[in-house]
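Visitor: Dropping a structure here in structure tokens format, bear with me for questions.
The values are calculated or read from the model by the stated rules, or taken from the named source; none is laboratory data. Every value quoted in this text rests on a predicted model; they were computed, and no experiment measured them. Cβ: placed from backbone, ideal geometry, glycine included. Neighbour counts: every protein chain shown. Areas reflect the complete protein model, heavy atoms only, side chains present, ligands, DNA and RNA absent. Shrake-Rupley method; radii C 1.70, N 1.55, O 1.52, S 1.80 Å.
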Amino acid sequence: MLQGKKIVLGVSGGIAAYKAAALTSKLTQSGAVVKVIMTENAKWFVGSSTFQALSRQPVYDDTFEEQDPSGVQHIDLADWADMFVLAPATANLIGKLANGIADDMLTTTLLATEASVYIAPAMNVHMYQHASVMANLKKLDGFGFKFIEPGDGYLACGYVGKGRLEEPETIVEVLRKETDRRRQLSGRKLLITAGPTREKIDPVRYFTNPSTGKMGYALAREAAEMGAEVTLISGPVTLDTPPNVKRIDVVSARDMYESVMEHFPDQDIVIKTAAVADYRPAVTFDHKMKKKDGEWEVEMERTTDILQELGKKKTTQFLVGFAAETQNVEEYGRMKRDKKNLDAIVVNDVSEAGTGFGADENRVIWMGKEEEKLPLLSKQDVAREILDRIVREIRDL
Ligand code: CTP
């Protein structure tokens, strides 16, 4: 269960704070050590002595009231935590966190922690649906925060709708599952390629494609969270390196080939999301080509298909390719999987608006031993689904 897990429970000022008391009790019964931080407004709803009695731990509410002079409380708590749970998370707390505001004990500790943070929102249905709250949640999603979505039901304000804090039993179950997930790739080495490549014609011109690297970076983030040792070989993108991921930057298909080949032998799992150029200019000029009258024909030559090479070389590695298709999506996917000797391919229908290149969402088909069409999901959720399937298929090998 959650035996020995160090959990900081952040309670903010909503009526659902009373459920945080039950949550504290259930987490403690599951073996976790729970330290509660309350906001000032949370104390309007529940007293700190309730949390103290249920957790048998001190309760924190004041950044400046140092209980132990040998340390700095909000930093020590931030470092102590294995995970953070915000329940209930009010619109105000969500807004502060999304915008880096740290004006009390809870928000300062949150900015200082490197632990995973699970946000369980609770508020009136219209507040929850407000454009600014939605934008903040989206921003937090992009920062890598996790959510325990509010349920539908009767709200204390009299409305019926989405906004009710998820039940304490369900929150405990989510955390238990997450804890299990975090061990599933521990000890595994995982290589991911991401982003486009650039194929130079001269110092100021190159061929490329619209890949932004989002899918590969989402996979790298999730795999690292599942305990894998992740190497991310990335073409030129504007994304931040996910935590605990070793990133190697490359530019051309040739650079990517060399880097992938160097790292391939000791990997357990390789996922190739990169949109590698299939052709590059046959000649690269050292100096800028001056424009001239008439046409300019650029002769192109094939690059090496890195994935196909890996398919030939692979020994024990579980090899996953990606394919972007606009027609006969499943048929072409299956053909590529078999031709390149892959264990699985993830096929992406890039003809559909709002998915594929540059989008935040993706609709993919998993084609490993099992085949499954996944619904439209955020790329982070697609990454989770893909990694879950890899874990499952490796276990069944
Ligand atoms: N790939 C690769 N090296 C290349 C080209 C592609 O490793 N030079 C990999 C991609 O990383 C991806 C997979 O091959 O995992 C599929 O890429 P895609 O462009 O969809 O397919 P191709 O095999 O290039 O086939 P086609 O262009 O005919 O669709």
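Visitor: Dipole magnitude of segment 259-397 about its Cα centre, charges +1 at Lys/Arg Cβ and -1 at Asp/Glu Cβ only, in debye to the nearest 20?
Guide: 300 debye
Visitor: So which aspartates and glutamates pass the test for Lys26, namely a Cα distance under 16 Å, with those fewer than 8 places away in the same chain ruled out?
Guide: Once the sequence-local aspartates and glutamates are set aside, what remains near Lys26 is Glu166, Glu167, Glu169, Glu173.
Visitor: Sticking with this structure for a sec: Starting from the Kirkwood Rh over alpha-carbon pairs, what translational D in µm² s⁻¹ does the chain have by Stokes-Einstein at 10 °C and 1.306 mPa s? Don't skip to the end; give the middle numbers.
Guide: Working: Rh = 23.3 Å.
Calculated translational D: 68 µm²/s.
Visitor: Cα centroid distance between segment 324-397 and segment 150-179, in Å?
Guide: Segment 324-397 and segment 150-179 have Cα centres spaced 31 Å from each other.
Visitor: With +1 assigned to the C-beta of every Lys and Arg and -1 to the C-beta of every Asp and Glu, and no other charges, what is the dipole magnitude of segment 1-102 about the Cα centre in debye, to the nearest 20? Mind dumping the intermediate values first?
Guide: On the way: 8 positive and 9 negative charges, 111 e Å.
In total the dipole reaches around 540 debye.
Visitor: Probe radius 1.4 Å, ligands and nucleic acids ignored: give me the carbon and sulfur share of the accessible area of the chain as a rounded percent.
Guide: Values: 9370 of 19290 Å².
It is 49 percent, rounded to a whole number.
Visitor: Quick one: Kirkwood hydrodynamic radius for segment 165-235, alpha-carbon pairs, angstrom, one decimal? Let's see the in-between values first.
Guide: On the way: mean 1/r = 0.0680 Å⁻¹.
Kirkwood hydrodynamic radius for segment 165-235: 14.7 Å.
Visitor: Could you tell me which residue out of Asn348, Gly358, Leu97 lies farthest along the dipole of the chain toward its positive end? Charges go on the beta carbon: Lys and Arg +1, Asp and Glu -1, centred on the Cα centre.
Guide: Asn348
Visitor: Under 10 Å, Cα contacts only: if you run a Gaussian network model on the chain, which one of Asp103, Asp68, Asp249 comes out with the highest mean-square fluctuation?
Guide: Asp68
Visitor: Only Cα pairs within less than 10 Å get springs; with that Gaussian network setup on the chain, which residue of Ile101, Ile171, Ile345 has the largest fluctuation?
Guide: Checking each option, the largest mean-square fluctuation is seen for Ile101.
Visitor: Please report the spacing between the Cα centers of segment 24-94 and segment 180-197 in Å, no decimals.
Guide: Result: 33 Å between the Cα centres.
Visitor: Once you sort the root eigenvalues of the Cα gyration tensor of segment 283-353 as a ≥ b ≥ c, which label holds: rounded (a/c under 1.5), prolate (a/b larger than b/c) or oblate (the other case)? Don't jump to the answer; show the numbers that get you there.
Guide: On the way: a/c = 3.65, a/b = 1.78, b/c = 2.05.
Judged from the Cα gyration tensor, segment 283-353 comes out oblate (a/c at least 1.5, b/c at or above a/b).
Visitor: To the nearest 20 debye, what is the magnitude of the charge dipole of segment 256-324 about its Cα centre, counting +1 on the Cβ of each Lys and Arg and -1 on the Cβ of each Asp and Glu? It would help to have the intermediate numbers written out before the result.
Guide: Numbers: 10 positive and 13 negative charges, 20 e Å.
Using only the charged Cβ atoms, the result is roughly 100 debye.
Visitor: Then there is this: I need to check one value: relative contact order of the chain, counting alpha carbon pairs closer than 8 Å and at least 6 residues apart, in percent.
Guide: Details: 815 pairs, mean separation 41.9, N = 397.
Relative contact order comes out at 11 percent.
Visitor: I'm checking a number: the convex hull volume of the Cα atoms of segment 74-130, normalised per residue, in Å³. What is it? Walk me through the intermediate numbers first.
Guide: On the way: hull volume 4.2 nm³, N = 57.
Looking at segment 74-130, the number lands at 73 Å³ per residue.
Visitor: Just the number please: accessible area per residue for the chain, 1.4 Å probe, all protein chains included, in Å².
Guide: On the way: 19290 Å² over 397 residues.
Computed with neighbouring chains in place, this is 49 Å² per residue.
Visitor: For the chain, set up a GNM with springs between Cα atoms under 10 Å and report which of Ala53, Ala17, Ala223 has the largest fluctuation.
Guide: Per the Cα network of the chain with a 10 Å cutoff, Ala53 tops the list.
Visitor: Another question, then. Give the peptides 332-338, 262-268 in descending order of average Cβ contacts within 10 Å, highest first. Can you show the working numbers first?
Guide: Values: 332-338: 17.7, 262-268: 14.9.
Put in order of decreasing packing, that is 332-338, 262-268.
Visitor: While we're on this one: Taking a cut-off of 22 Å, what percent of all Cα-Cα pairs in segment 301-397 are separated by more than that? Provide the component values of the computation, followed by the final result.
Guide: Numbers: 1371 of 4656 pairs.
The proportion of pairs with Cα distances above 22 Å equals 29 percent.
Visitor: Moving on to the next point. For Phe64, Phe207, write out the residues from largest to smallest accessible area, computed with a 1.4 angstrom probe and no ligands counted.
Guide: Numbers: Phe64 180, Phe207 80 Å².
Highest to lowest solvent-accessible surface, that is Phe64, Phe207.
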